[in-house]
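Throughout, read-outs are computed from the coordinates displayed, never taken from laboratory work. Only a predicted model underlies this, so the values are computations on that prediction, with no experimental measurement involved. Using ideal geometry, Cβ is built from the backbone for each residue, glycine included, and neighbour counts are taken over all protein chains shown.
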Amino acid sequence: MIRRWRIDGRRLGLAIVAGAYLAAALAADFARRYAGFRGEQLVEIPRGSSSFEIARLLEHHGVIRHKWHFLVARALRRPETLQAGEYKFDRPASAWEVYDRLVRGDVHYYWLRVPEGANIFEIAEAAERLGLFTREEFLAAARRTEAIRDLAPEAPTLEGYLFPATYALTRRTTAEELCRMMTAKFREVWRELGGAGEVHTTVTLASLIEKETAVAEERPLVASVFRNRLERRMPLQCDPTTIYAAMLDGRWRGAIYRSDLERAHPYNTYRVAGLPPGPIANPGRSALEAALRPAETDFTYFVAKADGSGAHTFSASLEAHNRAVSRFRNGSRKAVGQGQAR
């Protein structure tokens, strides 16, 4: 009996050693980082995928060496939820690390950066370059105004209400969802600024201010010029509105022509008095604030300075304005001559 116990004990000891060795080997295999791809690998995990389907996808794309690695991790951590979505892998990772990413929902984002003053056509082109939806799909979504109808029932499109910012999109983001994200951001900023009164009028004015100057400090002054001209029933004569009118009709040729200035179009403020029917771009915070709180001035004119700073000279009379225009033209000719001499 003693001898038999010694034999069985020896076998048990060998089995324990073998088991420990196997466990260590498996643990090392699980911890070993692997990448069976070059560069970047995008893997889409469809909603409702089974554990086996996810494991097969990851193995197929070279993210894990063997699908059973992932299945073992799943068996050991069954209560955790795996998140659907598109994942980007750009470096070797262990099966545990891959599994952790799916639990966290560490999906790949497409970043859409919308600058202040971008219009719906420019946003549509930028979104299309991300490859998530087409330009036409975005424009169709931007022409549906349900998202801001309570604020601005007269708005012809979402132009002006797609707040400029950086947005994180996923492969599943639709054009409609992007528009809702952007209008929600507009509402947030509008509340922070204490926006009140005629929302559509204010946002339309803010879009003109945004397009007329990139100098934030000047925006309340530009707002005062437009307000004074509106009160005195003077045409706004805002060049960016003429450009937008041409864009709407598909006639924009990269420069303003006399025919553009003379065309009777609702958005051409050289021919139509008052504000255009809606915004011509999407204004940022400072332009919205300027439209809400214009400076108190007698200015009714402004013209760019010739120094290339982007700043303007503001005038209260036509005579003073003409002198400023003359200085601008002389300065521009001088700058061109100096450029040719160099």
Using a Förster distance of 41 angstrom, determine the FRET efficiency expected from the C-beta separation of E177 and A216, and round it to 0.05.
0.85
Whole-Å distance, taken between Cα centres, linking the stretch 51-68 and the stretch 259-297:
56
Karplus 3J(HN,Hα) series, Hz, for the stretch 38-52 with 6.51 cos²θ - 1.76 cosθ + 1.60 (x for Gly, Pro):
10, x, 10, 10, 9, 10, 8, 9, x, 4, x, 5, 7, 4, 5
Compute the relative contact order of the stretch 24-104 as a whole-number percentage, counting only Cα pairs closer than 8 Å that sit 6 or more residues apart in sequence.
43
How far apart, in nm, are the 7 Å Cα→Cβ label points at V103 and R233?
7.3
Sort I280, I45, I54 so that the residue with the fewest other Cβ atoms within 10 Å of its own Cβ comes first and the one with the most comes last.
I45, I54, I280
Full extension from W252 to L76: what is 0.36 nm times the residue separation minus their Cα-Cα distance, to one decimal in nm?
57.2 nm
Would you calculate, for the chain, the mean residue ellipticity at 222 nm contributed by helices, counting each DSSP H stretch of 4 or more residues as -39,500 (n - 2.57) and dividing by all residues, to the nearest 500?
-16000 deg cm²/dmol
Any idea how far apart L318 and W111 come out in nm if each label point goes 7 Å out from Cα toward Cβ?
5.1
For the chain, average projected area of the Cα convex hull in nm²
27.9
The answer for Y301, listing residues at least 5 apart or on another chain whose modeled amide H is closer than 5 Å to its amide H, is S315
One finds, for R91 and R129 with R0 = 30 angstrom and r their Cβ-Cβ distance, a FRET efficiency to the nearest 0.05 of 0.70
Test of understanding: in a Gaussian network model of the chain with alpha carbons linked when under 10 Å, which of L71, L158, L178 would top the mean-square fluctuation ranking?
L71
Share of Cα-Cα pairs in the stretch 24-104 beyond 20 Å, whole percent, is 22
Starting from the Cα of K305, draw a straight line to each of the aspartates and glutamates and keep only those under 16 Å, dropping any in the same chain fewer than 8 residues away.
E212, E217, E218
Calculate, in whole percent, how much of the Cα-Cα pair population of the stretch 126-221 lies beyond 18 Å.
51
Report the calculated FRET efficiency for H66 and R143 (r = Cβ-Cβ distance, R0 = 41 Å), to the nearest 0.05.
0.20
